[in-house]
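All remarks here apply to the structure that follows.
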Amino acid sequence: MGTSGVAASAVDVWKSYGSGDAAVTALAGVSVEFERERFTAIMGPSGSGKSTLMHCLAGLDDVTKGEVWIGDTKVTGLKDKGLTELRRDQVGFVFQQFNLLPTLTAEENITLPLAIGGRKVDRAWFDTVIDTVGLRDRLSHRPTQLSGGQQQRVACARALVSRPEVVFADEPTGNLDSRSGAEVLGFLQKSAREFGQTIVMVTHDPNAASYADRVIFLADGLIVNEILDPTADAVLETMKHLDAFVGAQ
Amino acid sequence: MLRATLKSLLSRKLRLVLSALAVVLGVMFVSGSFVLTDTLNRSFTDLFTNVYSGVDVSVTAKEKAGSPGTLPATMVDRVEAVNGVEKAVGQVNGSARAIGKNGKVLTTAGAPRLGFAWTGDESQIEMRDGTGPKTDTQVTINAFLASTGGFKVGDQIELITLEPKKKFTVAGIFGYPGGRDSLGGELSAGFTEPVAQQLLLGQKDTFTDIKVTAAAGTSQDQLRDRLSSELGGDYVVKTGTQLAKDQADQIQEGLKFFNYILLAFAGIALFVGIFIILNTFSIIVAQRTRELALLRSMGASRGQVIGSVVLEAFVIGLIASVVGLGAGFGVGALLANFFATFGGGNLKLAGIGLPMSAVISSFAVGIVVTLIAAVMPALRASRIAPVAAMREAATPDRPLTRPTVAGALILAAGGTAMGFGFVQQSLVLIFGGVLAAFVGVALLTPLVSRPMVSLIGRLLSWSMPGLLGRRNSARNPRRTAITAAALMVGIALITGVSVVLTSATASITKLADTQVRSDLIISGETGADGTSAHFAVDTIDKIKAKPGVRSAFGFAGEPALVNDEQSWVSSVTDVLAMQQQFGLQAKEGTFAPLGATQMAISEDYATQKNLKLGSTMRIQLAKGEATTFTVAFVWAKSQVMQGMVLSSSAIEHLRIPQLNNAFVQVNSGASVTDVQKSIEPFFADNPEVSVQDRSAFVKQQTSQFDTVLLMIQILLALAIIIAVLGVINTLALSVIERTRELGLLRAIGMRRAQVMRMITVESIVISVFGAVLGIAVGTALGVATVAALKDEGITELGFPWMTMVQYLVVAAVVGVVAAILPAIRAARLNVLDAIAYE
Ligand SMILES: Nc1ncnc2c1ncn2[C@@H]1O[C@H](COP(=O)(O)OP(=O)(O)O)[C@@H](O)[C@H]1O
Ligand SMILES: [Mg+2]
């Protein structure tokens, strides 16, 4: 792990798709730091660039301009091999859907990043994670035998088990009912608070964002606001202003 | 509906190209065979037209007992006296094999090695150097022989004829118009007439035929009719045109057989192609479930859905046939050229043509094969319920009961057909039975797929990518099974043949070791042009006179007329020595030297021909009158020696009154090697004949099997290549299907190399599974065949272990190769696009 207090950062990141008239600027100079051991939510209306920012931060996509750092590693400029290893060893992912390989059991899915990297499973840590997500009796099941909420919890466990520098979650509760969603969010919150895991979560649900320690707001590819220790109401309020702000433009 | 079909066709180019390629290759094989044989046919027709262009009419003696007859010299004058004959020239033709500078007999790939009498009347030749033969020790050779053996005018050349090798001086070298060294790859040497008669026919003042030139105003046909009425029924009179046609027809008969063999292998390749196309369509239909369901919910009828898939198949079949036909034309032309240059030895090719048979069969085969393959997927597509459009597209694993039951039934039917085929000696039944057995096994394969795949996969899954690859290959048992079954076909056929040949080798070896007491075997090589080596009868006496020799005897054999039917007859020099060395037991009568008109027969032969002690058969040999032979004794069933033998006095009535092989037993205590050394000098002037000890002889005999196996492997290569295409296809389709999974794996840190390894393991598992199936099925087929051939003398069962291991290794390599393209494609996927892939 790095020595500074920042797990991931973006420095004046620009990202545009296409060229000429058809060019779309998804990120227009975003600078942001994500402190260690904190749970940060990225909010914003649809199309504001949340996913793009997360992809750029996680080394899944390259930036048009600017720099991205994960811990002490400068992500910008890394080749495929470096990016792959970065994702494998320093980043954990939870996607909105399709997080698991259908041919593997829950346990195999959870330990997959370690297996790919040829690393040993830290049994004690594994047990802690499993018990926290409450999956002990589901370990030998295949994804098709699990509910959506259970699948997302498996995905969370997988993201955590390699103790990455930062876990990125893109609308992890987007496909879940509110109860399952709450379980997953509670788990993410607990990971940050009790295990000191840095988490960055993209969401457009104010309620989900309220689980975070900090919420940053994105609109039209720019960070426009930020709230610390949010409540759902505060987030909702800010979003309203944001809509007004976007509408005014 | 048509629009929708064509659109969906174009949107899946890659998979279609791959599956169409299977049809293209099969059709290419079919049309290539037709183009090749058609070109060769016309080339040979041209060749013989050329050969007989200087002959108006030819007169020969009637064939006697299957051997060409000869004409006395007086016949020439008789022919020349006939009205309308301008000139009659007696011709002498026979076999003359030149010995090359390395002491080995020069061979051809099938063209004859000719000796003839130089008449000074050679109309269509061009002297290149020197003259015709002037003295009895001179020969004039064709330029092809000169270049093959490196002979120049003035060089010494040794030739084997009816007599052992004799030395001549090359007096001249001739070629043919157009700068050709030979007419069709033949090696020929012209002697002076008396020498030719002595060496080629063994008789002075005889001719093989008379070449007749018609006087001006007399047509070929008129002259032929006149000559045949004047000469009577003992002679065959033919026009040059007729002769050319007869010869060409004979070659065409051979080529037809060759074509059948090629087509049989093309059929196997196409059969494998059906598996591949079937698989592709099944996968495509599965992937299109939602699309088809949507069509159904919008009101498309089941018929329309079937029509859509069938139409797609038809279009693919049509395109593949056109491409395959074109490719086949190219391959046929290429092979014809190859044959003309290397196989036939400078045969002049007629222009390459596209026979109608090639066109028709290409389209028929290409389209029918594709349609057959599409029927099942089309039916399945039509059963997709409209509600499936709303559901997640995953197709649940269907139960395997139906295919398993069907597979068992078809396998049983195939086995029965094979059994009947063996009993009735029907190749079609056997072949059909084998193919049905393959279909049956293919249907049963999904059942064994899971356990087998996990077993094979276990060897490869020491790492995470390996484990994933193994799991992936076990994911869709039907798909894996069909892909592997396609590979099974080729390997099973090779393994089956290999088991039979290994068993035959084992049987022959055992037979030789347990029942044959001969220590040395003298035999000659048989040329590709049909000549067989021979040596003088009195050699046996010389051998017997050598110290250490206990007994020696030889056989001479030729076709003859037995009770007016052509069949092979043998004469043995010493029937007692034969009995002793071959361990024969008397069944009826007792072994005793055969009298001039006596014969001995085997028990089998007696049953077959309904003969017993004292029965008689009328046998017409090449020379002399027909003679009645009496059965003097019958020997009991033996695997070493079957059929019949005549007394040694019959040998002199053969066309070539010499021995083809001989068997020697040494005294106990005597050294086989010493005896071998002492008798080898008798054959010093006959490099075609060799003396071998028993095991060397057996090895040499059985080594022919290797050539057979090699040929089959070459011909089956295409079926295996098509199967490999199938593996590539399945993998490529799986990669497309699992795009999102690949994206996920890459996102959570799987390296490109690991992705490639995962695909490669899947590929190896499928290929090795196919090979294991093939080896198992092939072994079963081989064992069944061996059991059926027990009465034919294949009593031992042998397994080609080494070969089997080789196939497994090759299959693994094939797996690696087949994985290359799909693996690269998978590794190159853009992670984000892949995750977002629908
Ligand atoms: N691959 C792409 N090609 C072109 N435009 C894209 C691509 N991905 C995203 N965009 C555009 O970039 C903007 C931001 O998208 P995204 O980051 O997905 O937004 P969000 O996740 O906040 O909904 C949108 O206008 C979207 O249309
Ligand atoms: Mg998004």
Check: Considering only the range A:62-86, how many residues are surrounded by 21 or more Cβ atoms within 10 Å (Cβ to Cβ) and within 16 Å of ligand 1 (Cβ to nearest atom)?
Finding: 2
Check: Is it the case that A:Asp89 is over 20 Å from the mean Cα position of the chain (by Cα) and either within 16 Å of ligand 1 (Cβ to nearest atom) or part of a helix (DSSP H, G or I) (or both)?
Finding: no
Checklist line | Residue in the range A:72-90 that is nearest to ligand 2 (Cβ to nearest atom), counting only those that are closer than 16 Å to A:Ala159 by Cβ and of a type outside the set (A, V, I, L, M) | finding: A:Arg87
Next item on the list: Scan the range A:107-143 residue by residue and report those that are polar (S, T, N, Q) and away from chain B (no Cβ under 13 Å).
Entry: A:Thr128, A:Thr132, A:Ser140
Check: Quick check: is even one residue across the range A:74-82 more than 13 Å from chain B (Cβ to nearest Cβ) and charged (D, E, K, R)?
Finding: yes
Note to self: Every residue in the range B:52-75 that is assigned to a helix (DSSP H, G or I) and either crowded, with 19+ Cβ neighbours inside 10 Å or touching a Phe, Trp or Tyr at 6+ places or on another chain (Cβ under 6 Å) (or both), please.
What the structure shows: B:Met75
Check: What about B:Thr628, is it more than 17 Å from B:Asp538 (Cα to Cα), at pLDDT below 90 and not small (Gly, Ala, Ser)?
Finding: no
Notebook entry, point to check: In the list B:Ser301, B:Ser321, B:Ser282, which residue meets the criterion of being touching a Phe, Trp or Tyr at 6+ places or on another chain (Cβ under 7 Å) and small (Gly, Ala, Ser)?
Noted result: B:Ser321
Item checked: Single condition B:Val813 does not satisfy, out of (1) in contact with a helix residue (DSSP H, G or I) (Cβ under 6 Å, 6 or more places away or on another chain); (2) within 20 Å of B:Leu731 (Cβ to Cβ); (3) more than 16 Å from ligand 1 (Cβ to nearest atom) -> (1)
Notebook entry, point to check: What number goes with the only condition from (1) more than 14 Å from every other protein chain (Cβ to nearest Cβ); (2) within 14 Å of the chain's Cα centre (by Cα); (3) crowded, with 23+ Cβ neighbours inside 10 Å; (4) more than 9 Å from ligand 1 (Cβ to nearest atom) that A:Val13 does not pass?
Noted result: (2)
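Listed here are the residues, each with its yes/no results for (1) β-branched (Val, Ile, Thr); (2) modelled with pLDDT under 90.
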| residue | (1), (2) |
| --- | --- |
| B:Thr495 | yes, no |
| B:Leu501 | no, no |
| B:Thr531 | yes, yes |
| B:Gly548 | no, no |
| B:Glu558 | no, yes |
| B:Leu584 | no, no |
| B:Thr597 | yes, no |
| B:Ile601 | yes, no |
Note to self: Given the condition over 29 Å from A:Asp233 (Cβ atoms) and within 16 Å of ligand 1 (Cβ to nearest atom), answer yes or no: does some residue in the range A:32-55 qualify?
What the structure shows: yes
Margin query: Looking at the range B:816-838 only, could you name the residues that are away from ligand 1 (no atom under 16 Å from the Cβ) and of a type outside the set (Gly, Ala, Ser)?
Written below: B:Val816, B:Val817, B:Ile820, B:Leu821, B:Pro822, B:Ile824, B:Arg825, B:Arg828
Next item on the list: Would you check which residues across the range A:87-98 are facing chain B (nearest Cβ under 7 Å) and open to solvent by less than 10 Å² (accessible area, probe 1.4 Å) and list them?
Entry: A:Arg87, A:Phe93
Checklist line | Extreme residue, farthest from B:Arg42 (Cα to Cα), among residues of the range B:327-383 that are of a type in the set (Phe, Trp, Tyr) and in contact (Cβ under 8 Å) with a residue 12 or more places away in the chain | finding: B:Phe363
Item checked: Qualifying residues in the range B:752-798 (those that are outside any helix (DSSP H, G or I) and surrounded by fewer than 20 Cβ atoms within 10 Å (Cβ to Cβ)) - the one nearest to the other protein chains (Cβ to nearest Cβ) -> B:Leu797
Notebook entry, point to check: Looking at the range A:20-48, which of its residues are open to solvent by 60 Å² or more (accessible area, probe 1.4 Å), polar (S, T, N, Q) and within 13 Å of ligand 2 (Cβ to nearest atom)?
Noted result: A:Ser46
Item checked: One residue from A:Ala208, A:Ala212 being crowded, with 22+ Cβ neighbours inside 10 Å, away from chain B (no Cβ under 14 Å) and within 16 Å of ligand 2 (Cβ to nearest atom) -> A:Ala208
Checklist line | Test result for A:Ser51, open to solvent by 30 Å² or more (accessible area, probe 1.4 Å), within 16 Å of ligand 2 (Cβ to nearest atom), in contact (Cβ under 8 Å) with a residue 60 or more places away in the chain and assigned to a helix (DSSP H, G or I) | finding: yes
Next item on the list: Test B:Asn83 against the stated conditions and say whether it is in a helix (DSSP H, G or I), of a type in the set (S, T, N, Q) and at pLDDT below 90.
Entry: no
Checklist line | Of all residues making up the range B:799-838, the number that are within 14 Å of chain A (Cβ to nearest Cβ), open to solvent by 60 Å² or more (accessible area, probe 1.4 Å) and assigned to a loop (DSSP other than H, G, I, E, B) | finding: 3
Next item on the list: Inspect the range B:15-35 for any residue being within 30 Å of B:Val85 (Cβ to Cβ) and open to solvent by 20 Å² or more (accessible area, probe 1.4 Å) and give the result as yes or no.
Entry: no
Item checked: Exclusive hit being more than 16 Å from B:Leu744 (Cβ to Cβ), hydrophobic (A, V, I, L, M, F, W, C), surrounded by fewer than 22 Cβ atoms within 10 Å (Cβ to Cβ) and over 16 Å from the mean Cα position of the chain (by Cα), set A:Phe195, A:Phe187 -> A:Phe195
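The values are calculated or read from the model by the stated rules, or taken from the named source; none is laboratory data. Since we're looking at a predicted model, the values are computed, not measured. In this analysis, Cβ positions are derived from the backbone assuming ideal geometry, glycine residues included, and neighbour counts consider all displayed protein chains. We work out accessible area using only protein heavy atoms, side chains counted, and drop any ligands, DNA or RNA first. Shrake-Rupley method; radii C 1.70, N 1.55, O 1.52, S 1.80 Å.
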